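The values are calculated or read from the model by the stated rules, or taken from the named source; none is laboratory data. None of these values were measured; they are calculated from a predicted model. Note: ideal-geometry Cβ built from the backbone for every residue, glycine included; neighbour counts use all protein chains shown. Quick note on the areas: whole protein, heavy atoms, side chains included, nothing else; ligands and nucleic acids left out. Shrake-Rupley method; radii C 1.70, N 1.55, O 1.52, S 1.80 Å.
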Amino acid sequence: MHQTEGRKRVIVERVLPELDAGRFPVKRVVGDELLVEADVFADGHDLLGAMLLYRREGETTWDEVRMLEGTNDRWRGSFSLETIGRYEYTVEGWVDHFQSWRRDLRKRLSAEQNVAVQLLIGLELLSAAIDRSPEPVCQLLSRFRDQVTASTDDAGRSALFLNARLAELADRAPDRALATRYARVLIVEVERTKARFSTWYELFPRSASPLAGKHGTFRDVERLLPRISRMGFDVLYLPPIHPIGRTFRKGKNNAPIAEEDDVGSPWAIGAAEGGHTAIHPELGTLNDFRRLLKSASSLNIEVAMDIAFQSSPDHPAVTRHPEWFRKLPDGSIQYAENPPKTYQDIYPFYFESEEWSPLWEELASVIRYWLEQGVSIFRIDNPHTKPLPFWEWLITVIRKEHPGVIFLAEAFTRPKIMNYLAKAGFSQSYTYFTWRNTKRELTSYFTELTTTELAEYFRPNAWPNTPDILPEHLQYGRRAMFMVRLLLAATLSSNYGIYGPSYELLDHEPRATGTEEYLNSEKYELRSWKLDSEDSLEEFIARVNRIRRENPALQRNETLLFHETDNEEVICFSKRDATGNVIVAAINLDVHNPQTATLHLPLEELGLETTQSYQVHDLLTGARFIWQGERNAVTLQPASLPARLFRIRRKMKSEHDFDYFA
């Protein structure tokens, strides 16, 4: 088969970033530069040109950026992502006949060859450039042509053709009639900055009352907002706030039979009072919820809602739309189960129903409803138990209407499914961090997240605990372990969260040995928290979150770099940003014993002179040290502070000619 235009000689391939042959967009946030690379080459020895084309999705004309050639036919270019939404981009390459001719003219002159005919060719190429150039480039090139034709000798003409100004003008209108464009148009999804950097705090509103045993309200949550703000959280995540069903309601500690006063699981959504667009009456009214959103916003906190697409047996949809649920041969409705676990208080939606399309539309309307109330962040419960095409459709549809919406995927499942959910559009994703404990596990996992293709689309949100997960290390590690896990989450990942007040109050008792379930789990009962406890990590958490806010290096993941230590119990890593902000973390993973380690810091990679001393400022204690060279020792005491967070300060000369650290 012959191609349509056989004179197109340039090959354009291996364009990056590109995800699944352009099937999915890569991800960035507003204000980023998208760096694009491509292999651009052709037969022979002609010089080539390459252009990066980009535009907002829906626009018909392209903006262009000239790409620069690197080594081995690899070209690079970038453009700024100035607004939220989707951008399209691709690459075009062409043979640059005029610049190739100029290069060869220079070689011929060096060899003292006769160039009379070559100058005539150059004049033809220059005339063609004039014909395709816009004003005022056309006028400027015409002046060069006039000077060439007026010149009386080859040496003068050659000098004019080799003028650098002429080369620059010709580059503004290269001959791209036979250019090759990359076969695919690629997409980058641009989200707001909070998709990349956020600090989450999970809170059950019904446990927010200051009176033990009394059901909390939105007004009670409002009272806690200043504390949450002081701790440095900018996202307050609420489990489902909807009416809770009574049929098969679970009792305390997940008992299969509830007592009369048991409050049930918030994830058993729906009762006589309504379903996914209703509010549990004991929490307050819709106006109370709107007031909470407004009060939180005044403290720069966004409220994130939990969206669990499932129902209790009492949900209005069960009777109004029985076709959305799976009916068993005995006439009963299939409840949720993950054998041997059973959840009789929850009915999953039946996505293989003949009426799947109206179901999809109904669920999209739930998101739209809460967006109308002012919510713009959604934590999606168990998205891996719903069809993956559904999420791709839903997120795409919602984002077209509300580009600033953020979706967090709560999916602890197989890697390919977690990854696909991120590709399908989820802004952030839960991770396996909760179960990565050793130095080798942490290094391997976060290296994968930040240096492989995953970094183009999978934004980790690291959680040390959740209401569903009390990991074994928190059951036995006590205070030092809680500090270590929080530090790891908050510094390895630019997005992280905790389930509180459980976390800051060191809640560590399991329901039974060998399980990851909390004793007296807040999922099934009201809890009363002693927020003024002397053992609380509140101040420590506030300090860590303040460090995150003040150091832009910790607000991104792509510069994460692990460093060598001579002690397997001490993990060391750094992050840096373009402004020169450099943070180095040294954390003792042995929470029972002091550990000393020599850190090996690659100074050149961190932007430091290898021969100069430099200051390290421990942001956790305030202490400052002068280090020199790549190897320096630290001692980490779990009983007091099992870690150090150093900000590296370079030694510089001031205008008054004395040394200082900047």
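Kindly write out, for segment 125-132 in residue order, the coupling ³J(HN,Hα) from the Karplus curve 6.51 cos²θ - 1.76 cosθ + 1.60 (θ = phi - 60°), rounded to whole Hz, with x marking Gly and Pro.
For segment 125-132, the Karplus-derived couplings read 5, 5, 4, 5, 5, 5, 4, 9 Hz, x marking Gly and Pro.
Quick query: amide H of residue 86 versus all other amide H atoms, modeled in the peptide plane; which residues come in under 5 Å with a sequence gap of 5 or more or a different chain?
Those qualifying (amide H under 5 Å, at least 5 residues apart or on another chain) are 57, 190.
Using a probe radius of 1.4 Å on heavy atoms only, what accessible surface per residue do you get for the chain? Whole Å² is fine.
Dividing the accessible area of the chain by its residue count gives 45 Å².
Whenever you get a sec, line up 13, 605, 5, 82 from highest to lowest accessible area (probe 1.4 Å, protein heavy atoms).
82, 605, 13, 5
Roughly how tilted is helix 415-424, in degrees to the nearest 10 and between 0 and 90, from the longest Cα axis of the chain?
Approximately 70 degrees, to the nearest ten.
Normalized C-alpha radius of gyration of segment 289-406, against 2.2 N^0.38 Å?
For segment 289-406, the normalised Cα radius of gyration is 1.20.
Taking every eigenvalue of the Cα gyration tensor of segment 507-662, multiplying by 5 and rooting it, what semi-axes result, largest first, whole Å?
Output for segment 507-662: semi-axes of 37, 18, 15 Å.
Residue by residue through segment 439-450, which ³J(HN,Hα) values in whole Hz follow from phi under the Karplus form 6.51 cos²θ - 1.76 cosθ + 1.60 (θ = phi - 60°), with glycine and proline marked x?
Going residue by residue, I get 4, 5, 5, 5, 5, 5, 5, 6, 5, 4, 5, 10 Hz, with x marking Gly and Pro.
In square angstrom, rounded to the nearest 10, how much accessible surface does residue 267 have for a 1.4 Å probe?
20 Å²
Taking 7 Å along the Cα-to-C-beta vector as the label spot, tell me the residue 64-residue 528 distance in nanometres, rounded to one decimal.
7.3 nm
Specify whether the C-alpha gyration tensor of segment 479-531 places it in the rounded, prolate or oblate class, a ≥ b ≥ c being the square roots of the eigenvalues: rounded for a/c under 1.5, otherwise prolate if a/b is larger than b/c and oblate if not.
The shape class here is prolate.
What trypsin sites (Lys or Arg not before Pro) in segment 161-227 are in a loop by DSSP, with at most 15 other Cβ atoms within 10 Å of the Cβ?
Here the trypsin sites (Lys or Arg not before Pro) that fit, given the DSSP loop and packing criteria, are 172, 184, 214.
I need the phi-derived Karplus couplings for segment 260-275: 6.51 cos²θ - 1.76 cosθ + 1.60, θ = phi - 60°, integer Hz, Gly and Pro marked x.
4, 9, 5, 8, x, 8, x, 7, 8, 8, x, 7, 4, 6, x, x
Amide H to amide H under 5 Å from residue 349: which residues, 5+ apart in sequence or cross-chain, H placed 1.01 Å off N in plane?
311
Among the listed pairs 252/530; 250/416; 439/530; 523/575; 341/416, give every one whose C-alpha distance is greater than 27 Å.
250/416; 439/530; 523/575
Considering only DSSP states other than H, G, I, E and B, which trypsin sites (Lys or Arg not before Pro) in segment 20-75 qualify as loop sites with at most 16 other Cβ atoms within 10 Å?
Hits after loop and neighbour filter: 23.
Could you work out the percent of alpha carbon pairs in segment 424-516 separated by over 17 Å, rounded to a whole number?
Value for segment 424-516: 50 percent of Cα pairs lie more than 17 Å apart.
Would you kindly work out the equivalent ellipsoid of segment 52-121 from its C-alpha gyration tensor and give its semi-axes, the square roots of five times the eigenvalues, largest first in whole Å?
39, 14, 8
Could you rank 535, 104, 330, 618 by how accessible they are, 1.4 Å probe, largest area first?
330, 535, 104, 618
Averaging over every viewing direction, what projected area does the convex hull of the Cα atoms of segment 556-634 cover, in nm²?
5.6 nm²
Quick query: amide H of residue 265 versus all other amide H atoms, modeled in the peptide plane; which residues come in under 5 Å with a sequence gap of 5 or more or a different chain?
250
Send over the semi-axes of segment 114-241's equivalent ellipsoid, whole angstrom and largest first, taken as the square roots of 5 times the C-alpha gyration tensor eigenvalues.
75, 16, 11
For the chain, what is the convex hull volume of the alpha-carbon atoms per residue, in Å³?
224 Å³
Could you tell me what percent of the accessible area of the chain is made up of carbon and sulfur, with a 1.4 Å probe and every protein chain present?
Answer for the chain is 49 percent, counting heavy atoms of protein chains only.
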